[in-house]
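Mind looking over this structure? Questions follow.
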Ligand code: PLP
C-alpha cells in the first residue's frame with residue numbers, strides 16, 4: 001500500500017520541485033528542502049506547519065515592524081480591495097490612498113522631504129533614485145554628473161542599479177556585468193569620500209548613497225559625526241545625498257527615520273519594508289521640496305519612469321493604516337526604550353561569555369560578533385554564527401547571520417512591539433545556543 005504523504009512531506013517535495021527561493025543555495029534547497037514552512041504569526045511569534053512556535057528576532061527581513069497577525073491591516077486591505085483594489089496612477093490618474101499616504105509620508109519625514117514617487121519595494125526605490133538624480137542633473141544642463149558614490153558593505157537590493165550600488169562582492173559577482181558608474185568607498189571614512197570626489201571630479205558625480213546604518217553588511221553604525229560631515233561634503237560639491245532608509249525607516253532605530261539621530265536631511269530618502277510592515281509590497285522615493293520644484297520648473301514632456309504598481313491603492317491603504325498604528329501605539333518610543341533593553345542584554349552577554357566580541361545596536365537593530373578570544377578578537381577557524389543561529393532555531397528563536405562579511409556576526413531586528421520579557425526570552429535562548437555550540 002502506498003503511504004499517504006503528510007502535508008509537510010508533500011509541501012517539501014513541491015517546494016523543491018517548483019519554488020526557486022530568493023537569496024538561497026539552490027543545491028542546499030534540493031538536498032534538504034525548506035528548513036521551516038511557516039503557517040501563522042501573532043505578535044512576535046511565528047508557528048510552522050508542524051505546530052512548532054518561534055520567537056522572532058529579525059522581524060522576518062527587518063520589516064514586520066508592527067508584528068504579525070494585525071487584523072487592522074487585513075481590514076484596511078479588504079476595505080480597499082472591495083472598493084477599488086487597483087487603478088493606475090500613470091499620467092493624470094490618481095487615487096485617494098496614494099494621495100493620503102504621500103501626504104502622511106511628507107509629514108513624518110524630516111525637513112522638507114515632501115514629495116513621493118511610489119515603487120513596489122526597496123530595489124525599485126534604489127533604481128528609481130539613480131535615474132531621478134541623473135535626470136535631475138541632465139535637466140540642469142549637467143549630463144556628465146552621473147556617477148554614484150556608494151559604500152563598501154552596502155546593501156541596496158538586487159535590481160541591476162541596486163546591485164551595482166551594493167558593496168558586497170558576492171552580489172556583484174553574480175553576473176558578468178552590472179550598471180556602470182558606481183564607485184565604492186570605505187564605509188566609515190569621510191576622507192575616502194573627499195578623496196574619490198577629488199579623483200573623479202565633482203562635475204562627474206550625481207549623488208552619494210548610504211544606508212544610515214548598514215543592515216545586511218553587518219549592522220554597521222556610523223560615528224556621530226559621519227553623516228553631518230557627509231552632508232557638508234555633498235553641499236560643498238553640489239552632490240545629492242541619498243539616504244537608503246529601507247531598513248532603518250519607520251521606527252527601527254528609535255527615531256521615525258535614522259537620519260534624525262544626526263539631524264541630517266538627505267535630498268532623497270528611500271523607503272520600503274516598514275512602510276507596510278511587510279503586509280503588502282510597497283516602497284517609495286521621497287524628495288525634498290526644492291528638488292521637486294526644480295523638476296516642475298525644468299521638466300518637459302513625460303517623465304518616462306513608472307511602475308504598473310506605483311501608487312497601488314491597496315498597498316497605500318495598508319501603508320497608511322500601518323503608520324497610524326506606529327503612531328497610536330508609540331512604537332518609535334517603544335523601539336527606543338526596548339532598544340536600551342536590547343543593548344543591556346548584549347552588553348551583559350558580552351561580559352558573561354568569553355566568545356562574544358564587539359556588540360552594537362541602536363534602537364531595535366543590533367549585532368554581536370563571535371570570537372575565539374575576546375581580548376585579541378581572534379576568530380574561530382570557521383564561522384560559528386550559522387551554527388548558533390541553527391541551534392537557536394531548534395530552540396524556538398529566529399535570528400540571522402551575516403554571511404558576507406569577514407566577521408562572525410549575528411544580527412537582531414525584532415518587531416517594534418516587542419516587550420522586555422520577550423527580549424529576555426530572545427537572550428535566554430541565544431545564550432543557551434552559544435554555550436551549546438562554542
Ligand atoms: N535597501 C536596503 C537598505 C535593504 O536592506 C534592502 C533589502 O533588504 C533593499 C534596499 C532592497 O529592498 P527589496 O528587497 O524590497 O527590493
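Over all pairs of distinct alpha carbons, what does the Kirkwood formula give as the hydrodynamic radius of segment 17-85, in Å?
Here the Kirkwood hydrodynamic radius works out to 14.4 Å.
Arrange 285, 318 by Cβ neighbour counts within 10 Å, fewest through most, would you?
By the 10 Å Cβ count, ascending, the order reads 285, 318.
Rounding to the nearest 10 and keeping the result within 0 to 90°, find how far the Cα-based axis of helix 190-200 lies from the longest principal axis of the chain.
50
Moving on to the next point. Hey, could you pull the Cα Rg and Dmax for segment 71-328, both in Å?
For segment 71-328, the Cα radius of gyration and maximum Cα-Cα distance read 17.8, 56 Å.
Of the candidates 34, 222, 313, which one comes out as most mobile in a Gaussian network treatment of the chain with C-alpha springs shorter than 10 Å?
34
Taking every pair of alpha-carbon atoms in the chain, what share in percent sits in each 10 Å bin, from 0 to the bin with the longest distance?
4, 20, 30, 27, 14, 4, 1, 0
Going from the alpha-carbon gyration tensor of segment 96-156, what semi-axes, largest first and in whole Å, does one get by taking the root of 5 times each eigenvalue? Don't skip to the end; give the middle numbers.
Numbers: eigenvalues 119, 54, 27 Å².
Semi-axes, largest first: 24, 16, 12 Å.
Above 21 Å lies some portion of the pair distances; for segment 258-340, what is it as a whole percent of all C-alpha pairs? Intermediate values should be presented prior to the final figure.
Values: 1628 of 3403 pairs.
Above the 21 Å cut-off, segment 258-340 has 48 percent of its Cα pairs.
If you don't mind, another one. Expressed as an acute angle from 0 to 90° and rounded to the nearest 10, what is the orientation of the C-alpha long axis of helix 331-352 relative to the principal long axis of the chain?
On a 0 to 90 degree scale, this one is about 50.
If you restrict to DSSP beta bridges whose two residues both lie in segment 71-328, what percentage is antiparallel, to the nearest 5?
Taking every DSSP beta bridge within segment 71-328, about 45 percent pair in antiparallel fashion.
7 Å from Cα along Cα→Cβ at both residue 176 and residue 297: what's the point-to-point distance in nm?
For the pair residue 176/residue 297, the computed spacing is 4.6 nm.
Between segment 278-321 and segment 364-422, how many Å separate their Cα centres?
Distance between centres, Cα-based: 36 Å.
Moving to a separate point now. Taking the number of other C-beta atoms within 10 Å as the exposure measure, put 24, 310 in order starting with the fewest.
Arranged by neighbour count, lowest to highest, 24, 310 become 24, 310.
What's the whole-number percent of alpha carbon pairs in segment 210-299 lying beyond 15 angstrom?
62
What residue among 90, 250, 19 has the largest mean-square fluctuation in a Gaussian network model of the chain, using Cα springs under 10 Å?
Checking each option, the largest mean-square fluctuation is seen for 19.
Would you calculate, for the chain, the mean residue ellipticity at 222 nm contributed by helices, counting each DSSP H stretch of 4 or more residues as -39,500 (n - 2.57) and dividing by all residues, to the nearest 500?
The per-residue figure over the chain is -12500 deg cm²/dmol.
For helix 122-139, report the angle its Cα long axis makes with the longest principal axis of the Cα atoms of the chain; keep it between 0 and 90° and round to the nearest 10°.
20
Out of all DSSP beta bridges with both ends in the chain, state the antiparallel percent to the nearest 5.
Working: 32 of 48 bridges.
Of all bridge pairs located within the chain, approximately 65 percent are antiparallel.
Which residue, 65, 32, 322, has the most motion in a Gaussian network model of the chain that connects Cα atoms within less than 10 Å?
Taking springs between Cα atoms under 10 Å, the residue moving most is 32.
Express in whole angstrom the spacing between the alpha-carbon centres of segment 32-105 and segment 133-166.
30
Since every read-out is calculated from the coordinates, none of them should be taken as a lab result. Predicted, not measured: the structure shown is a model, and the values here were computed from it. Cβ coordinates were reconstructed from backbone atoms using ideal geometry, including for glycine residues, and neighbour counts include every protein chain displayed.
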